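Contents: one structure, followed by commentary.
The values are calculated or read from the model by the stated rules, or taken from the named source; none is laboratory data. Source: prediction; values computed, not measured. Positions of Cβ are backbone-derived with ideal geometry, glycine not excepted, and every protein chain shown enters the neighbour counts. Just so you know, the surface numbers come from the protein's heavy atoms only, side chains and all, with ligands and any DNA or RNA stripped out. Shrake-Rupley method; radii C 1.70, N 1.55, O 1.52, S 1.80 Å.
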Amino acid sequence: MSHLTYLRRIVSPYILRKNSQLTFWHERPKVNCNSFGKDLGEYYMTFFDKAGYSGPFDQNGIPLLDYHGKIGKQYNPIAIAQYGLGNYNLHKRNRGNISYEKFIKSANWLLENLETNEYGIKVWNHKFNWEYFQILQAPWYSALAQGQGISLLIRAYIELKEDKYKEAADKAFKSLVTKIEDGGVLFIDEGKN
């Protein structure tokens, strides 16, 4: 990534206060004390700021992140999962219908967008090129998207008692226990960690 590209990416939201994908990501992490119980309940991070994301959204109320420039507005599976988990937490605390609807819409988006990669593993793909340490060529997937997507689907299964959510979570789980070179997201370092 060029230094100029990086500066443009940072200056827009932080100095010019323009909406960008960074607007969604920079929430101060908060541990959710309500998540440490006997049963699976609220997610371990509150994600309340993410639950209150102000948009943009698609016509179905699914968050889009605005990467501006060539990338533009995109679905980001991590953001959708975190938005859904934050709204799930709010629903569990307040029993609010709006939070519940946002949680279910996010879970349904994940359900409908679970795709088979070239290795036959089910993943949530990012469908835009992204400059990171190297350019991630679309479609690409991440362990964070897989883990948080599974977390959201399991909570949808518990709430709705509909097998389709558990079945999709089970399929996506295979990515977490499959090595990167075999199409999953599992990485074992030189220390076997």
- Task: Just give me the residues in region 141-165 being open to solvent by 40 Å² or more (accessible area, probe 1.4 Å) and not in a helix (DSSP H, G or I), in sequence order.
- Result: Tyr141, Lys161, Glu162
- Item | Checklist (1) under 26 Å from Ser99 (Cα atoms); (2) of a type outside the set (Phe, Trp, Tyr); (3) at pLDDT below 95 applied to Glu131, failing item | (1)
- In region 120-140, how many are over 12 Å from Gln74 (Cβ atoms), free of Cβ contacts under 8 Å to residues at least 60 places away in the same chain and of a type outside the set (A, V, I, L, M, F, W, C)? 3
- Note on the structure: A careful count of residues in region 146-193 that are closer than 19 Å to Ile80 by Cα and of a type in the set (S, T, N, Q) gives 4
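Tell me, which helices (runs of 4 or more DSSP H) lie completely within region 24-127 with 3 or more residues that are open to solvent by 20 Å² or more (accessible area, probe 1.4 Å)? Before you say what the answer is, go through the steps one by one.
Details: elements: 48-51, 77-94, 97-112.
Fully inside region 24-127 and qualifying: 77-94, 97-112.
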- Does Ile188 satisfy the condition of being of a type in the set (A, V, I, L, M) and more than 18 Å from the chain's Cα centre (by Cα)? yes
- Item | Near pairs, Cβ below 6 angstrom, 6+ apart or cross-chain, from region 38-49 (over 15 Å from His91 (Cβ atoms)) to any residue that is among the charged types (D, E, K, R) | Asp49/Glu27
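Looking at Glu101, Glu115, can you tell me which residue is modelled with pLDDT of 95 or more and either within 28 Å of Pro139 (Cβ to Cβ) or within 12 Å of the chain's Cα centre (by Cα) (or both)? Break it down into steps so the answer makes sense when it comes.
Details: Glu101 fails: either within 28 Å of Pro139 (Cβ to Cβ) or within 12 Å of the chain's Cα centre (by Cα) (or both).
The conditions single out Glu115.
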